[in-house]
Amino acid sequence: MASIDYFECEDCGFRWKDQGPLLFFLNENNKIEEYILLISNMNLDSNSNISGDIIETYCTNCDKKIKIYIISTIKSPYDEDSAIESIRKLADENQIDNKALKPFIRSSDLKDNFYIVDLYRNFYSNKDYHCPNCDSIISKYILSKNKCPKCGGEISSVDGLCLDKF
Ligand SMILES: [Zn+2]
Ligand SMILES: [Zn+2]
């Protein structure tokens, strides 16, 4: 079920998107390639040395969007430390290719304010993440379909795109 949904808060006007499943890998240009898992690109990361999942979250304290890269696969010559270091450096320098995402989303939605790189082989476990800016605990699944992550207000779905046919 690949999709991109845009939400907007009726009270404060905060807008965000919920898209996924969102993944990444280190591509042949030595950049981070981010993509939504579709039927047509299932094996996109098969030749990559580093790959994993992306969580998009939000710090209510800073009012900033935060992206978490969760590395799940590491192949030689990388080890855990060098894989984390490489992805951190690339994210820092914004060395991100979005070939697979660009056709579907606005370029202004491609960059987040902060990011976290984590090595976590159990994607579903309950781990606390801290905002890289203010250190407060951030929710792993912020992008609520029920209430505004910023003010708790009522939200409405403003736009959406089902990608199952791609
Ligand atoms: Zn923060
Ligand atoms: Zn709100």
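The values are calculated or read from the model by the stated rules, or taken from the named source; none is laboratory data. This structure is a prediction, so every number in the text was calculated from the model and none was measured. Neighbour counts are summed over all protein chains in view; Cβ atoms, including those assigned to glycine, are modelled from backbone coordinates with ideal geometry.
Residues in segment 150-166 that are under 30 Å from Asn61 (Cβ atoms) and assigned to a loop (DSSP other than H, G, I, E, B) were compared, and the one that is nearest to the chain's Cα centre (by Cα) is Lys150.
Of all residues in segment 11-37, those being assigned to a strand (DSSP E or B) and away from ligand 1 (no atom under 16 Å from the Cβ) number 15.
Residue by residue through segment 9-29, note down the ones that are touching a strand residue (DSSP E or B) at 6+ places or on another chain (Cβ under 8 Å) and surrounded by fewer than 16 Cβ atoms within 10 Å (Cβ to Cβ). Answer for segment 9-29, where residues must be touching a strand residue (DSSP E or B) at 6+ places or on another chain (Cβ under 8 Å) and surrounded by fewer than 16 Cβ atoms within 10 Å (Cβ to Cβ): Glu10, Arg15, Pro21, Asn29. From the list Ile70, Ile32, Ile36, the lone residue that is under 11 Å from the mean Cα position of the chain (by Cα), crowded, with 16+ Cβ neighbours inside 10 Å, more than 25 Å from Lys147 (Cα to Cα) and β-branched (Val, Ile, Thr) is Ile70. One residue alone among Ser86, Ser40 is closer than 23 Å to Leu161 by Cβ and assigned to a helix (DSSP H, G or I), and that residue is Ser40.
Pairing residues of segment 43-71 that are charged (D, E, K, R) with residues that are within 16 Å of ligand 2 (Cβ to nearest atom) and modelled with pLDDT under 90, at Cβ distances under 7 Å and at least 6 apart in sequence or on separate chains, gives Glu56/Lys65; Glu56/Leu143; Asp63/Lys150; Lys65/Tyr58.
Each residue in segment 43-71 was checked for being part of a strand (DSSP E or B), of a type in the set (Ser, Thr, Tyr) and closer than 16 Å to Arg15 by Cβ, and 2 pass.
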